[in-house]
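S.K.: What follows is a structure written as structure tokens; I'll ask about it next.
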Amino acid sequence: MSRKKYTPYFYVLPGLLMVVFFVFIPVILNIAYSFFRLSSYSSESIFVGIDNYRRLFSSEEFFIMLKNNLLYAVFSFVFQIGFGTVIALLLESKLAGRFRNVYRNIYFIPALISLVAVGLLFTFVYTPDLGLLNSALRALGLEEYAKAWLGDPKYAIYCIILMSQWQWVGYNVLLLVVAIQNVPMDYLEAATIDGAGPVKKAIYVTMPLIKEQILVCSIIAIIGAFKLFTEVYSTTAGGPGNQTQVLGLYLYQNAFLHDDLGMAAATGVFIFIITVAISIFQIRITKSGQV
């Protein structure tokens, strides 16, 4: 009895249907809802055209939110991608020695902690009186620099950004380490024969061969920067004075606190457009898929 053969469509179709129902349809519906004034307490929907977008772009918080999200994206590139790449290269070099597995685990541990737990942890770190940061400054004789970090409009957003980088650098390090391990040894040995040192091999051999993984990490960092929510919500909730407000938190507040679902949908569309645009720009500028 011959075994029944299934076409590739048999295996692809379930995944395709899931993408359609859980990605494309929600995105299309969200775009449609952004042109209406909607409320969870009423089944009535009022078509308002681009009024939700006009209110979003003219709101007092818009440029603060955009600045904070862009600032987070810049720090993510520097720490998660730049610093993370350096750490990954060091972990795969002879300098790591026999403890490289230990170092990898140490760097990755923060990524295993929930975002809410990290937010609560750093709230205690930044506490004015008993916080670890101010206590350390006082112990070093730098008491004049101690302050209410999360209550200071000038420094609060930077405190949140640095907290988040502490958590996610190790995650990107692990992804980059895997990519480095897949670099063919023949290329590295050829570079060694040609007289290239560790730094030159890293710059001219390893990094060009892992550029696709660096691109993936960069796109993940951008998406994370513009969907930033839990880190802010669990520490400052957008304060003080909206100085740590971000687009993700603004979407949540409109949807669940102000019952303005149309504005929340418009904010979601804006986040979607800006992340897709920046991701496409990254793919084009890195010439992904080209040798």
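The values are calculated or read from the model by the stated rules, or taken from the named source; none is laboratory data. Not measured: the values here are computed from a predicted model. Here Cβ is always computed from backbone atoms with ideal geometry, including for glycine, and neighbour counts include all displayed protein chains. Accessible surface is based on the protein model in full, side chains and every heavy atom, while ligands, DNA and RNA are left aside. Shrake-Rupley method; radii C 1.70, N 1.55, O 1.52, S 1.80 Å.
S.K.: Picking from ILE157, ILE106, which residue would you name as being open to solvent by 90 Å² or more (accessible area, probe 1.4 Å) and either touching an Asp or Glu at 6+ places or on another chain (Cβ under 7 Å) or part of a helix (DSSP H, G or I) (or both)? Give the derivation first.
M.R.: Working: ILE157 fails: open to solvent by 90 Å² or more (accessible area, probe 1.4 Å).
Answer to the check: ILE106.
S.K.: Next question. Only residues that are open to solvent by 10 Å² or more (accessible area, probe 1.4 Å) and assigned to a loop (DSSP other than H, G, I, E, B): list them for the range 225-249, please.
M.R.: Those that are open to solvent by 10 Å² or more (accessible area, probe 1.4 Å) and assigned to a loop (DSSP other than H, G, I, E, B): LYS227, PHE229, SER234, THR235, THR236, ALA237, GLY239, PRO240, GLY241, ASN242, GLN243.
S.K.: Please go through the range 239-288 and pick out each residue that is in contact (Cβ under 8 Å) with a residue 40 or more places away in the chain and at positive phi.
M.R.: GLY241, ASN242, ASP259
S.K.: Just name the residue that is most open to solvent (accessible area, probe 1.4 Å) out of those in the range 114-150 that are of a type outside the set (Gly, Ala, Ser) and assigned to a loop (DSSP other than H, G, I, E, B). If you could, list the steps in order and put the result at the bottom.
M.R.: Start the filter on the range 114-150 by keeping residues that are of a type outside the set (Gly, Ala, Ser), which leaves 115-116, 118, 120-130, 132-134, 137-138, 140, 142-145, 147, 149-150.
From what is left, the residues that are assigned to a loop (DSSP other than H, G, I, E, B) are 126-130, 140, 142, 147.
On the way: TYR126: 25, THR127: 44, PRO128: 56, ASP129: 117, LEU130: 155, LEU140: 129, LEU142: 62, LYS147: 54 Å².
Of everything passing the filter in the range 114-150, LEU130 is most open to solvent (accessible area, probe 1.4 Å).
S.K.: I've got another one for you. Look through ILE222, ILE203, ILE193 and report the one residue that is β-branched (Val, Ile, Thr), modelled with pLDDT under 95 and crowded, with 19+ Cβ neighbours inside 10 Å. Spell out how you get there, then give the answer.
M.R.: Working: ILE203 fails: crowded, with 19+ Cβ neighbours inside 10 Å; ILE193 fails: crowded, with 19+ Cβ neighbours inside 10 Å.
Just one listed residue meets the conditions, ILE222.
S.K.: Please identify the pairs in which a residue from the range 27-52 that is of a type in the set (Phe, Trp, Tyr) has its Cβ atom under 7 Å from the Cβ atom of a residue that is surrounded by fewer than 13 Cβ atoms within 10 Å (Cβ to Cβ), counting only partners at least 6 apart or on another chain.
M.R.: PHE35/PHE47; PHE35/GLY49; PHE36/ILE46; PHE36/PHE47
S.K.: What's the number of the only condition in (1) under 26 Å from MET207 (Cα atoms); (2) in contact (Cβ under 8 Å) with a residue 60 or more places away in the chain that VAL86 fails to meet?
M.R.: Status for VAL86: all satisfied but (2).
S.K.: Here is a list: ASN52, ASN101. Which entry is assigned to a helix (DSSP H, G or I) and within 19 Å of GLY248 (Cβ to Cβ)?
M.R.: Numbers: ASN101 fails: within 19 Å of GLY248 (Cβ to Cβ).
Result of the check over ASN52, ASN101: ASN52.
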